[in-house]
1. Where is the GNM fluctuation largest for the chain (alpha-carbon springs, 10 angstrom cutoff): Asp145, Asp15, Asp42?
2. Just want the answer: with Cβ charges of +1 for Lys and Arg and -1 for Asp and Glu, which residue in Cys23, Ala56, Gln44 is farthest toward the dipole's positive end in region 22-62?
3. Please give the charge dipole size of the chain, origin at the Cα centre, charges +1 on K and R Cβ atoms and -1 on D and E Cβ atoms. Round to the nearest 20 debye.
4. What is the chain's relative contact order, in percent, from Cα pairs under 8 angstrom and six or more apart in sequence?
5. Would you tally the net charge around Glu106, using a Cβ to Cβ cut-off of less than 11 Å, leaving Glu106 out, and scoring K and R as +1, D and E as -1?
6. Compute the angle between helix 120-130 and the longest alpha-carbon principal axis of the chain, please, reported from 0 to 90 degrees and rounded to the nearest 10.
7. Can you give me the angle between helix 29-41 and the longest principal axis of the chain, using Cα atoms only, in degrees from 0 to 90, rounded to the nearest 10?
8. By average Cβ neighbour count within 10 Å, what is the ranking of 53-64, 121-132 from highest down?
Amino acid sequence: MIKCVECSANACEGDINRTPQFCPRRHARDGLDRAQQIRTTDQQVLKVAEVAESVAKDGYRRWPRVMELMEFAKRMGFRRLGVAFCAGLKEETRALCRILESQGFEVVSVACTVEGGCNPVGQAMVLNQAGTELNIVVGLCMGHDILFSKFSEAPLTTLVVKDRVTGHNTVAPLVCGYWRKALMKSDVGS
Ligand code: SF4
């Protein structure tokens, strides 16, 4: 099984002989060769990668994610943005949309409740029909986010991951000792 997470070799590039037995460089050669071909020839991939790198560099430790999102969209040349949001996060989404509009974006927002409770496929279709260039996910439920991503024609990015227990801070249970202990099925690996 491939397990980068257990690696301390620090050999993601260069000499393959320094990699551990579970390294994907040893076991996923076809996939990595295909990736190399795509990321060096596909113009859209090249553009996204270039813009992502410039945003990460310019905003490093200074810009919150929402700022990174806006800079990314601007540098990509996106003008019309879609926001697929959970109705339970309407206030936060309204703040987001007003910020986006103040920065010159056209914003199409659609609630999960469109034509009936929890309709992520409907959200995707509405944004597809509106011709959005980038879709932003705000707090869609676990699973509904998968359906939205399956049917969204525009590339999408998630700004808020819903977590009703932690104030949408999904990493908290991974770093908090109490939660880590509670979530572990046994002491193995702890
Ligand atoms: S790619 Fe290979 S060397 Fe890099 S972290 Fe994964 S296992 Fe380690």
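Bear in mind that the values in this text are calculations on the coordinates, not laboratory data. Note that the structure is predicted; figures quoted are calculated from it, not measured. Every residue, glycine as well, gets a Cβ built from its backbone with ideal geometry; the counts of neighbours run over all protein chains shown.
1. Between Asp145, Asp15, Asp42, it is Asp15 that shows the largest mean-square fluctuation.
2. Positive-end residue among those listed: Cys23.
3. Details: 25 positive and 21 negative charges, 82 e Å.
Rounded to the nearest 20 debye, it is 400 debye.
4. Reported as a whole number, the value is 14 percent.
5. Working: positive: Arg79, Arg80; negative: Glu101, Glu133.
Around Glu106, the surrounding residues sum to 0.
6. 70
7. For 29-41 against the chain, the angle is about 50 degrees.
8. Details: 53-64: 11.3, 121-132: 18.9.
Ranking the peptides 53-64, 121-132 by packing returns 121-132, 53-64.
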